[in-house]
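The values are calculated or read from the model by the stated rules, or taken from the named source; none is laboratory data. Please read these numbers as outputs of a predicted model, since none were measured by experiment. Cβ placement follows ideal geometry from the backbone for every residue including glycine, while neighbour counts extend to all protein chains displayed.
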Amino acid sequence: MGRDVDGGLAELVAVEAERLHRLPASMGLDDAALLQVLGTCVHAQRQAPLFPTDRAVVVGLGVSGLLHVQLLRARGARAVVGIGRSPEKRALAEALGATATCAPDDALGVVGEVTTGDGAELVVEAVGTPETVTRAVALAGYGATLVVFGTASGAGQVPLYEMYHKELTVLHPRAALGEDYDHAIDLIAAGAVRGAPLVSDRLSFTDAPATLSDWAAHPERLKVVFEP
């Protein structure tokens, strides 16, 4: 829903019972507002192996990237490096569990330090451009897993030979299953992942048209909650 068929941006919505997920009474609405995105992150990492000695990198620190950082720490990664342009989002990533963060231009050096030059065992690309996919490949170690979570668009080339040379396993996850949302609910209920800190704006429904049309002008935004 909301991807292949119409979603919830309507006055009335009819939903099949099997699409409903019960939330714990103790879960706040800000945490609940992040469950849809977290479910897709859970689905994305479901096929990505991660051992306790592994180092991970997240390229892009928007809402999904910040959730991926937390999910990787919850899964037991030894180190998680967050790559992003915004100093505020890098600081939030560190507050949420990132071992280190840096701007894109410094990524090779910082990841090299954290991994002692080996590259990361798991890299999550959470932006969706040929440039960020290329950066993710460069940060991956030999035999690593690359999760292309961002929906890549636009013209550009990706380094296919380097992907072959490093023998990368490349995953292209899409959407989520019902069980992924159940896991997302359990993760937030247990405190392993926090959604509320990612809510950056609370607006009235009457602000929705202007906010959606002006979205690109506010890259500092994270999760926007519309309140009735």
Any chance segment 156-169 includes a residue that's more than 23 Å from ALA98 (Cα to Cα) and either part of a strand (DSSP E or B) or in contact with an Asp or Glu (Cβ under 8 Å, 6 or more places away or on another chain) (or both)?
yes
The lone condition ASP207 fails out of (1) modelled with pLDDT under 95; (2) within 28 Å of GLY109 (Cβ to Cβ); (3) charged (D, E, K, R) is (2)
Every listed condition ((1) among the hydrophobic types (A, V, I, L, M, F, W, C); (2) surrounded by fewer than 16 Cβ atoms within 10 Å (Cβ to Cβ); (3) assigned to a strand (DSSP E or B)) holds for VAL147 save (2)
I'd like the full set of residues that are crowded, with 24+ Cβ neighbours inside 10 Å and part of a helix (DSSP H, G or I), limited to segment 66-92.
LEU66, LEU67, HIS68, VAL69, GLN70, LEU71, LEU72
Here are some conditions: (1) within 27 Å of ARG78 (Cα to Cα); (2) of a type in the set (A, V, I, L, M); (3) in a strand (DSSP E or B); (4) in contact (Cβ under 8 Å) with a residue 40 or more places away in the chain. VAL225 meets all but one. Which one does it not meet?
(1)
Sole residue being part of a loop (DSSP other than H, G, I, E, B) and in contact (Cβ under 8 Å) with a residue 40 or more places away in the chain, chosen from ALA176, ALA136, ALA184
ALA176
For segment 21-45, which positions are surrounded by 10 or more Cβ atoms within 10 Å (Cβ to Cβ) and more than 23 Å from the chain's Cα centre (by Cα)?
PRO24
Of all residues in segment 176-228 being of a type in the set (Gly, Ala, Ser) and surrounded by 14 or more Cβ atoms within 10 Å (Cβ to Cβ), which is nearest to ALA98 (Cα to Cα)?
ALA192
I'd like to verify a number: residues in segment 100-133 that are part of a loop (DSSP other than H, G, I, E, B) and modelled with pLDDT of 95 or more, how many?
8
List, please: which pairs have Cβ atoms under 7 Å, are six or more places apart or on different chains, and start with a residue in segment 206-219 that is closer than 23 Å to ARG85 by Cβ and end with one that is surrounded by 11 or more Cβ atoms within 10 Å (Cβ to Cβ) and at pLDDT 90 or above?
THR211/LEU203; THR211/VAL224
Test GLN36 against the stated conditions and say whether it is polar (S, T, N, Q), touching a strand residue (DSSP E or B) at 6+ places or on another chain (Cβ under 8 Å) and in a helix (DSSP H, G or I).
no
For segment 148-158, does any single residue satisfy the condition of being at pLDDT 95 or above, under 23 Å from LYS223 (Cα atoms) and in contact with a Leu (Cβ under 6 Å, 6 or more places away or on another chain)?
no
Does VAL199 meet the test of being in contact (Cβ under 8 Å) with a residue 60 or more places away in the chain and among the β-branched types (Val, Ile, Thr)?
yes
The condition from (1) part of a loop (DSSP other than H, G, I, E, B); (2) in contact (Cβ under 8 Å) with a residue 60 or more places away in the chain that VAL13 misses is numbered (2)
